[in-house]
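Have a look at the structure below, then the notes.
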Amino acid sequence: MSPATPPPPPSSAAAAPFPGDGPALRDRAVAAAVADGLVSAADPVAGLLDVTGIRRSAAELRAAFAEFAAPGTPVLHAFAVKAASLVPVLRLLAAEGLGCEVASPGELALARAAGVPPARTVLDSPAKTPAELREALALGIAVNADNPGELARLDGLAASAPTASPLGLRVNPQLGGGSIGAMSTATGTSKFGVALRDEGARDWVVRAFLDRPWLTRLHAHVGSQGMPLDLMAGGVRTLYELAEEINEKAGRTQVTTLDIGGGLPVNFASDETAPTYRAYARLLHAAVPGLFGGRYGLVTEFGRSLLAKHGTVLARVEYAKSAGGRRIAVTHAGAQVATRTVFAPDSWPLRVAAYDAQGRPKTGAPVAQDVAGPCCFAGDLVAVDRPLPPLEPGDHVALLDTGAYYFSTHFAYNSLLRPGVHGYAAGPDGAPRWATVRAPQRMAELVAESGGAHADALTQL
């Protein structure tokens, strides 16, 4: 039951400067994607990932916590796999010193395929099955139990077979929510963790630890996008104070590691990265005295903030039309890639950039227009009444800040094909170099996963 495993030395790429990334490289990447046929009439939508930007974010995260943590403090930054469930992305982040936080058997399989070792993997989920728990304990993966019932399962499993897995308990500080209810996990009635302020709950948690010497971690995550930093810091402070109470009553350092979750919000309004990891680490240093003192190992579970600013969904404009006096650009990027933006636009607005048929930034006086997707329902809009240069058939739109969730979590409405995902980095001449992250789905694959091999199954009943 060791504390968080320290990261390996970062790759040379992570330690080097990060030249040529950002908006200028994004523009070059869009033009190259069109010229190289990554986006075309045959493949009218694709995801583009700025590899240099991802490496920079990973380096900034490591540096921010290293600046405030006492020398030798074990810190594991476990990337939340749900934010980008793509094996090459997980391998890249592992090379930059990060582990993985997984919340399903599928995510664990992806992390293992990426070569992330069990000692750098954390399993969180509110609905772990006995089979999932047995697999994690056999591999030595850290497990955070979500509730008393799961802890009772761990009692039996830990007693039946020795394990090297660090084991912990997730608690809900019940501090309130942020601006997006669905992303708020520390409300009074959240489905996650042990509700710490419910009557008798805190005493139960303390006793649960005292009765289980092998229980050595505490975990809390107050929410994701839309969470104010002071509320996030309040959750970490609650976790720290609970660990102190348990250790005092145990008469020893039983809780050795605090898993403080992730959830740093992303600025979707401009190219600026705000808040930064350093700003958050500095706030934690001030708000939770002792957190970085070296007495506790630390685990983080950031996801969206590592990837969002470094991804672009690029799509062709198929038609331009008007209705009620407003222009409408009908594109191939809609709810199937921008699900949250389409169904909850006030919570998940996206910037849209306009490019011409060659992938060059579109010029011209902005005109209010809707940017529509290909899905067959009226609400499939990624932008409404947005001032953009007039879009015409054959032009392209880019949905910015979409590196997390948008093209790795496809919504299969209308049986639309999953787009390809391509990573890029500037070569010696400044031109983008490409690597395939995920090949575009083909029609035969879609038919196969939709039961094509069983076409006659129902007619034979």
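Structure values in brief
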quantity	calculated
Gap separating the Cα centres of the range 293-353 and the range 124-138, nearest whole Å	32 Å
Share, in percent, of DSSP beta bridges within the chain that are antiparallel, nearest 5	50 percent
Globularity ratio of the range 52-305, using Cα Rg and 2.2 N^0.38 Å	0.95
Neighbour-count ranking [beta-carbon atoms within 10 angstrom, fewest first] of Phe209, Phe65	Phe65, Phe209
Among 318-324, 22-28, 164-170, the order from most to least packed when residues are scored by Cβ within 10 Å on average	164-170, 22-28, 318-324
At R0 = 56 Å, FRET efficiency that the Cβ-Cβ distance of Leu461 and Glu67 yields, to 0.05	0.30
Cβ-based exposure ranking for His396, His454, in which fewest neighbours within 10 Å come first	His454, His396
Cα pair count fraction exceeding 23 Å, expressed as % - the range 104-208	35 percent
Nearest 10 degrees, 0 to 90: helix 201-210 Cα axis against the chain principal axis	60 degrees
Computed E for Arg282/Glu135 - FRET, C-beta separation, R0 35 angstrom, nearest 0.05	0.35
Proxy reagent accessibility, fewest Cβ within 10 Å first, across Lys249, Lys309	Lys249, Lys309
Check: the range 391-461 dipole with +1 on Lys, Arg Cβ and -1 on Asp, Glu Cβ, in debye	200 debye
Positive-end residue of Gly140, Ala274, Pro289, charge dipole of the range 52-305 with Cβ unit charges	Gly140
Cα Rg, Dmax (largest Cα-Cα span) when computed across the range 366-437, Å	15.4, 46
Per-peptide average of other Cβ atoms within 10 Å, ordering 109-116, 195-202 highest first	109-116, 195-202
Dimensionless Rg/Rh of the range 309-449 - Kirkwood Rh, Rg from C-alpha atoms	0.97
Rg followed by Dmax, in Å, when the range 143-293 is reduced to its Cα trace	16.2, 54
Of Lys191/Lys309; Lys309/Lys362; Lys128/Lys191; Lys128/Lys249, pairs whose Cα-Cα distance is over 24 Å	Lys191/Lys309; Lys128/Lys249
Farthest toward positive dipole pole in the chain [+1 Lys/Arg, -1 Asp/Glu at C-beta], among Ser408, His396, Val437	Val437
Gap separating the Cα centres of the range 95-120 and the range 181-233, nearest whole Å	24 Å
The range 106-250: antiparallel DSSP beta bridges as a percent of all, rounded to 5	10 percent
Rough spin-label spacing in nm, given labels placed 7 Å along Cα→Cβ, for Arg91 and Thr409	2.4 nm
Residue-averaged 222 nm ellipticity for the chain, from DSSP H runs of 4+ at -39500 (n - 2.57), nearest 500	-8500 deg cm²/dmol
Expected-Rg normalisation [2.2 N^0.38 Å, Cα atoms] applied to the chain	1.04
The range 309-449: antiparallel DSSP beta bridges as a percent of all, rounded to 5	85 percent
Dipole magnitude of the range 309-449, debye to nearest 20 (Cβ charges: Lys/Arg +1, Asp/Glu -1, about Cα centre)	160 debye
Net dipole in debye of the range 79-189 [+1 Lys, Arg Cβ; -1 Asp, Glu Cβ; about Cα centre; nearest 20]	120 debye
Listed residue (Ala111, Ala333, Gly427) projecting farthest to the positive dipole end of the chain, Cβ model	Gly427
Karplus-derived 3J(HN,Hα), 6.51/-1.76/1.60, for each residue of the range 126-134, Hz, glycine and proline x	x, 9, 5, 8, x, 5, 4, 5, 4
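Here, each number is a calculation from the coordinates, and none is a lab measurement. Bear in mind the structure is a predicted one, so any value in this text is a computation, not a measurement. Quick reminder, even Gly has a Cβ in these numbers, built from the backbone with ideal geometry, and neighbours come from all protein chains shown.
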